[in-house]
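The values are calculated or read from the model by the stated rules, or taken from the named source; none is laboratory data. Keep in mind that this is a model prediction, so the values were computed, not measured. A quick note on method: Cβ atoms are made from the backbone with ideal geometry, for glycine too, and the neighbour counts reach across all protein chains shown. Only protein heavy atoms, including side chains, enter the accessible area calculation; ligands, DNA and RNA are left aside. Shrake-Rupley method; radii C 1.70, N 1.55, O 1.52, S 1.80 Å.
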Amino acid sequence: MPLILVSIILGPLGNVFLGEAMKGIGPVTSARIHDLAPIASRVLASGYIWLGIACLLGFFIAHMLLLTWADYSYVQPATSLSYLSVSVLSYLLLGEMISPLRWLGVAVICLGVFLVGRTSPSTTGAPSRA
Amino acid sequence: MREVVLFFLIVVAGTAGELCVSRAMKGIGEIHNFRPKSILSFVLQSLRLPWMWLGIALMSLGFFSLLAILSFQEVSFVVPVSALSYAAGAFGAKAFLGERINRNRWVGIAVVCIGVTIVWWSRK
């Protein structure tokens, strides 16, 4: 149970830090290599980016550890809650104002992800098929 | 419009990358031995597969697109909308990996898409 909590908090927290880092960089509007190179060096120099990447790595490890013993069909519906926690963390840490409409959308996404995860995790039979 | 292109890259390139990695992993087969030496040889083995590199390249493209969109859009908007990956993943897994998607799973994916549409309406 604690591992699943760790994964529900760390993944969204990683995204929140990435968001904080990129807001500090300012809007990236050009896709030309010439303009992207200086942006990339500023991104790499941002502490928040590394904090975000560390959280996402932590999330990934927690997720893998979880999957070594727990059924995927148990883990995946539980992680649908991460869509709720990313909204809560964006509100608390980044001060994003979340409209009732957005909360409704997030709740519907959670429900959808929950339903996806409740189905059987393997449908191809023999693993050698692919 | 900028958002649409970036979301397309996050969802399609990210998911296509995962499918490529999945294909590479299936090519190696299930691992049963978790000693450091066998894990290292597993990693080296996977790096020899072209699918793995294609997967890494596509997933990187998806990640950089995520960073780009986060520079001007809210986290509470971007992350929920990128849940469209569930739909892209289902179509891709069916077409590319030959997985069968049962009816319940399609229902869940449809509900995710309805949620994404509602979040999209809340765009500022």
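See the values below:
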| item | result |
| --- | --- |
| Interface size B-A, as summed buried accessible area [1.4 Å probe, Å², nearest 100] | 3400 |
| Probe 1.4 Å, all protein chains present, accessible-area order of B:Phe96, B:Phe91, largest first | B:Phe91, B:Phe96 |
| Where labels lie 7 Å past Cα in the beta-carbon direction, separation of A:Arg42 and A:Tyr91 in nm | 3.1 |
| Accessible area (Å², 1.4 Å probe, nearest 10) - A:Asp71 | 100 |
| Most mobile of B:Arg35, B:Arg48, B:Arg23 in a GNM of chain B (Cα contacts under 10 Å) | B:Arg35 |
| Shielding by other protein chains, B:88-101, mean Cβ within 10 Å | 2 |
| Members of the stretch A:1-32 that become less accessible by 50 Å² or more once partner protein chains are added (1.4 angstrom probe, chain alone as reference) | A:Asn15, A:Met22, A:Lys23, A:Val28 |
| Average beta carbon contacts from partner chains per residue of B:58-71, 10 Å cutoff | 4 |
| Measure of compaction for the protein assembly as shown (Cα Rg per 2.2 N^0.38 Å) | 1.02 |
| Kirkwood Rh, angstrom, the stretch B:1-114 [1 / mean 1/r, Cα pairs] | 15.6 |
| Distance histogram for chain A (every C-alpha pair counted, 10 angstrom bins, percent rounded to whole numbers) | 12, 30, 31, 20, 7 |
| Cut-off under 5 Å, modelled amide H: who pairs with B:Ser71 long-range | A:Val28 |
| Backbone N under 20 Å from the A:Ala107 label point (7 Å along Cα→Cβ), restricted to the stretch B:102-122 | B:108-122 |
| Chain B, helix-only ellipticity at 222 nm - DSSP H runs n ≥ 4, -39,500 (n - 2.57), divided by all residues, nearest 500 | -24000 deg cm²/dmol |
| Table column - 3J(HN,Hα) (Hz), the stretch B:84-101, Karplus curve with 6.51, -1.76, 1.60, x for Gly and Pro | 4, 3, 4, 6, 4, x, 5, 5, x, 5, 5, 6, 9, 10, x, 7, 9, 9 |
| HN-Hα J in Hz across the stretch A:69-85 - Karplus 6.51, -1.76, 1.60, θ = phi - 60°, x for Gly and Pro | 10, 8, 5, 4, 6, 9, 5, 5, x, 5, 6, 4, 5, 5, 5, 6, 5 |
| Ellipticity estimate at 222 nm from DSSP helix runs (n ≥ 4, -39,500 (n - 2.57)) divided over chain A, nearest 500 | -25000 deg cm²/dmol |
| Solvent exposure, largest accessible area first (probe 1.4 Å, DNA, RNA and ligands not counted), of B:Cys113, A:Cys55 | B:Cys113, A:Cys55 |
| Theoretical FRET efficiency, 1/(1+(r/R0)^6), r = Cβ-Cβ of B:Ala95 and B:Arg35, R0 45 Å, to 0.05 | 0.75 |
| For A:96-102, mean number of other protein chain Cβ atoms within 10 Å | 5 |
| Distance in nm between pseudo-label sites at A:Leu57 and B:Glu3 (7 Å out along the Cβ direction from Cα) | 3.3 |
| Counted charge near B:Val43, where neighbours are those whose Cβ lies closer than 14 Å (Asp, Glu -1; Lys, Arg +1) | +3 |
